[in-house]
Amino acid sequence: EGDQIAVSRDGGLSLLPADSGHAIELTRPDAEYGWPLMYWMRDGEWIVLLGEHDGTDGIWIVSADGLVWVNLLQEQFVPSSLIPAPTKNEVYWSEGLCENGDTCTPAQNYVTEISTGKTTDFPFQFPVFSISGDYYAYANAKGEDAVGVWVANLEEPPGRFLPLPGDHLMGYEWSPDGDQLAMTTLVRSEYSGRPSDVRIFLLDPETWVQRE
């Protein structure tokens, strides 16, 4: 609803009223949290947080008042980051390697059902979900060289591959309403090999109409 803001301050995570009032401290000041280690769930009543609470590491579902904490993490997993997704009953996250605790490279993605705690593989690289949660885009599978983006309906993976002109995929992001996907590619000069142009494409996932 936009009436609270989750902020990282003094190394801890707090909730601040958007208008005025006192902050609610969710984590101690010497803990380290922040993007992509937390995000709001779609209903605005719960926060997904990756980190330590009362001496226990976990993927926590935290109520907006900070009173209820539920840990989804199973002992055999070591998560490195969260994948923000506006779904109601699933949390997406990654295992990977982290350098100096700052930069993490995802190696494997998973999805955990909140109601059952069941964790399964989510075998897609760098997924980005639309605001509705109906669609997600992701990069090529490992070993694929074609420049482009995969776009899938959440109920019908793996989706379709959209090849794009260019030499390198720079990024992709959904519009705020989730109706379009913006994709950016880098073009290199055939003579020097240096970057010579950037191209931006828009895709409507409902009609599969693409325009530059």
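Residues that are within 23 Å of Tyr92 (Cβ to Cβ) and either in contact with a Pro (Cβ under 8 Å, 6 or more places away or on another chain) or of a type in the set (Val, Ile, Thr) (or both): list the strands (runs of 3 or more DSSP E) wholly contained in segment 148-212 that include at least 1 such residues. Give the steps one after another, and end with the answer.
On the way: elements: 148-153, 156-163, 168-174, 181-188, 195-204, 209-211.
It comes to 148-153, 181-188.
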(request) Identify all residues within segment 178-196 that are touching a residue at least 12 places away in the same chain (Cβ under 8 Å), open to solvent by 80 Å² or more (accessible area, probe 1.4 Å) and farther than 14 Å from Val128 by Cα; write none if there are none. (result) Arg188
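Within segment 76-89, which residues are closer than 14 Å to Ser115 by Cα and open to solvent by 40 Å² or more (accessible area, probe 1.4 Å)? If you could, list the steps in order and put the result at the bottom.
Step one: filter segment 76-89 for residues closer than 14 Å to Ser115 by Cα, giving 87-89.
Of everything in segment 76-89, those that are closer than 14 Å to Ser115 by Cα and open to solvent by 40 Å² or more (accessible area, probe 1.4 Å) turn out to be Lys88, Asn89.
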(message) Against the conditions (1) on the phi > 0 side of the Ramachandran plot; (2) in contact (Cβ under 8 Å) with a residue 12 or more places away in the chain, where does Pro163 fall short? Just the number, please.
(response) (1)
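Being at pLDDT 75 or above, closer than 20 Å to Glu113 by Cβ and assigned to a loop (DSSP other than H, G, I, E, B) is the requirement here; does Leu73 meet it?
Details: at pLDDT 75 or above: yes; closer than 20 Å to Glu113 by Cβ: yes; assigned to a loop (DSSP other than H, G, I, E, B): yes.
Yes; evaluated as a whole, the condition is true for this residue.
How many residues does segment 21-57 contain that are outside any strand (DSSP E or B), open to solvent by 80 Å² or more (accessible area, probe 1.4 Å) and at pLDDT 70 or above? So that I can check it myself, show each step before the final result.
Residues of segment 21-57 outside any strand (DSSP E or B): 21-23, 26-37, 41-45, 54-55.
Within this subset, residues satisfying the condition of being open to solvent by 80 Å² or more (accessible area, probe 1.4 Å) are 22, 28, 30, 32, 35, 42, 45, 54.
Next, from what is left, pick out any that are at pLDDT 70 or above: 22, 42, 45, 54.
Within segment 21-57, residues that are outside any strand (DSSP E or B), open to solvent by 80 Å² or more (accessible area, probe 1.4 Å) and at pLDDT 70 or above number 4.
The values are calculated or read from the model by the stated rules, or taken from the named source; none is laboratory data. Predicted model only: the values in this text are computed from it and were never measured. No Cβ is skipped: glycine too gets one built from the backbone with ideal geometry, and neighbour counts run over all protein chains shown. When the accessible area is computed, the model is the full protein with side chains, heavy atoms only, and any ligands, DNA or RNA have been set aside. Shrake-Rupley method; radii C 1.70, N 1.55, O 1.52, S 1.80 Å.
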